[in-house]
Amino acid sequence: MSGNTKTLGEFIIENQASFKYSTGELSKLINAIRLAAKVVNHEVNKAGLVDILGASGETNVQGEDQQKLDVMANKKFIQTLTNREIVCGIASEEEDDFISINSLDNNHQNKYVVLFDPLDGSSNIDVNVSVGTIFSIYRRVTPIGTPVSIEDFLQPGRNQVAAGYIVYGTSTMLVYTTGHGVNGFTLNPAIGTFYLSHPDMRYPEDGKIYSMNEGNYVHFPEGVKRYIKYCQQEEGDRPYTSRYIGSLVSDFHRNMIKGGIYIYPKSNAAENGKLRLLYECNPMAFIAEQAGGKASDGFTRIMDIAPTELHQRVPFFCGSRNMVTKAEEFMQQS
Ligand code: P6P
């Protein structure tokens, strides 16, 4: 990094005035996530060297085998967020229920709830493919001074005050928004500092990449099948290229840089799709929209969906605005 490249810490201070709530609070939140990201990054990068690979022998609320790194990442994010005197509640893909966090004065004065998927794409860990952390931040809606409750977590995505992801790839990046655009920071592991490497990230309006697990083709809704055939037709700038890493953060990140669409639809095997609304779809939708992209369930804007339960799943269409609109047209025909 050149000497004048801005660090994440400098960026937060420069921009905290634009955060519509107490300026210091955003810094504390992002700094907690920054610290946890560095620790998880260290563990992910050395996973092949120590016996941390493989399942921990436990399963999470989704019934999925928990990889040991999942468990470590979950604990690390909970620990760093708990220590910051700003969070009153945490929800995680790896926790059955939300966790209530009281303030040091025991008067429940903390104002924010954080929801996260600590290590998304964890099935890729053993094969050395990039994985990621996804986080979503809201202000509580129940009265300060009372314990946090489920209503504080079941807010529509449009209420988010911040959202982001960390992608542990060929380099480790932290990408986030507070509602004023999207900025990407790359970690210099030699000194443990994130530098502003991708200022004002924009989703190209069009793209030529479509990302989905076509192995489920026979189970897809007719509209998705028709959209896939549209992508494969010899016409104009088509056929498009199919790219699917099997790690949402990685597929999303590539598509935001190059242009593209990610689709995880419902199917006969997954009646609401696979991705979770609160800590995968909403934060990625916030980032996508802030970068000029689009995110829906094929019919309804993701961030307008009223959540009903902590781990609910929704179909997910996300990416370049014009590609998502075209896919929605096929969905609305069926
Ligand atoms: P499938 C990882 O488990 C994940 O939640 C996303 O990161 C990824 O895009 C998707 O599921 C992969 O699911 O069914 O294609 O293996």
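The values are calculated or read from the model by the stated rules, or taken from the named source; none is laboratory data. Everything quoted here is computed from the prediction, not taken from an experiment. In this analysis, Cβ positions are derived from the backbone assuming ideal geometry, glycine residues included, and neighbour counts consider all displayed protein chains. Quick note on the areas: whole protein, heavy atoms, side chains included, nothing else; ligands and nucleic acids left out. Shrake-Rupley method; radii C 1.70, N 1.55, O 1.52, S 1.80 Å.
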- Query: Just one of the numbered conditions (1) touching a Pro at 6+ places or on another chain (Cβ under 8 Å); (2) more than 12 Å from the ligand (Cβ to nearest atom) is not true of A285; which one?
  - Reply: (1)
- Message: Only one of E309, E289 is open to solvent by 50 Å² or more (accessible area, probe 1.4 Å), within 30 Å of I150 (Cβ to Cβ), over 17 Å from the mean Cα position of the chain (by Cα) and not polar (S, T, N, Q). Can you tell me which?
- Response: E309
- Query: Quick check, is V113 assigned by TED's automatic domain parsing to the domain that holds E151, modelled with pLDDT of 85 or more, β-branched (V, I, T) and touching a Phe, Trp or Tyr at 6+ places or on another chain (Cβ under 8 Å)?
  - Reply: yes
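For E309, indicate whether it is closer than 30 Å to A162 by Cα, in contact (Cβ under 8 Å) with a residue 12 or more places away in the chain and assigned to a loop (DSSP other than H, G, I, E, B). Reasoning before the result, please.
Details: closer than 30 Å to A162 by Cα: yes; in contact (Cβ under 8 Å) with a residue 12 or more places away in the chain: yes; assigned to a loop (DSSP other than H, G, I, E, B): yes.
Yes; evaluated as a whole, the condition is true for this residue.
Hey, among V44, V39, which residue is closer than 20 Å to M173 by Cβ, at pLDDT below 95 and within 16 Å of the ligand (Cβ to nearest atom)? Break it down stepwise before answering.
Values: V39 fails: within 16 Å of the ligand (Cβ to nearest atom).
Sole residue among the options that is closer than 20 Å to M173 by Cβ, at pLDDT below 95 and within 16 Å of the ligand (Cβ to nearest atom): V44.
Scan the stretch 235-252 and give yes if some residue there is within 16 Å of the ligand (Cβ to nearest atom), at positive phi and surrounded by fewer than 17 Cβ atoms within 10 Å (Cβ to Cβ), otherwise no.
Residues of the stretch 235-252 that are within 16 Å of the ligand (Cβ to nearest atom), as a first pass: 242-252.
Imposing the further condition that a residue be at positive phi reduces the set to 246.
Filter once more, keeping what is surrounded by fewer than 17 Cβ atoms within 10 Å (Cβ to Cβ): 246.
The answer is yes, given that some residue of the stretch 235-252 is within 16 Å of the ligand (Cβ to nearest atom), at positive phi and surrounded by fewer than 17 Cβ atoms within 10 Å (Cβ to Cβ).
It is to be established whether one or more residues within the stretch 260-270 are polar (S, T, N, Q), within 24 Å of H219 (Cα to Cα) and assigned to a loop (DSSP other than H, G, I, E, B). It would help to see each step written out before you state the result.
Here is the first cut: in the stretch 260-270, the residues polar (S, T, N, Q) are 267-268.
Next, from what is left, pick out any that are within 24 Å of H219 (Cα to Cα): 267-268.
Checking the rest, the ones that are also assigned to a loop (DSSP other than H, G, I, E, B) come to 267-268.
For the stretch 260-270, residues polar (S, T, N, Q), within 24 Å of H219 (Cα to Cα) and assigned to a loop (DSSP other than H, G, I, E, B): present.
Being in the same structural domain as A36 (by TED's automatic domain parsing) and within 16 Å of the ligand (Cβ to nearest atom) narrows it down to one of I125, I150, I144, I137, so name that one.
Going through I125, I150, I144, I137 in turn, the sole match is I125.
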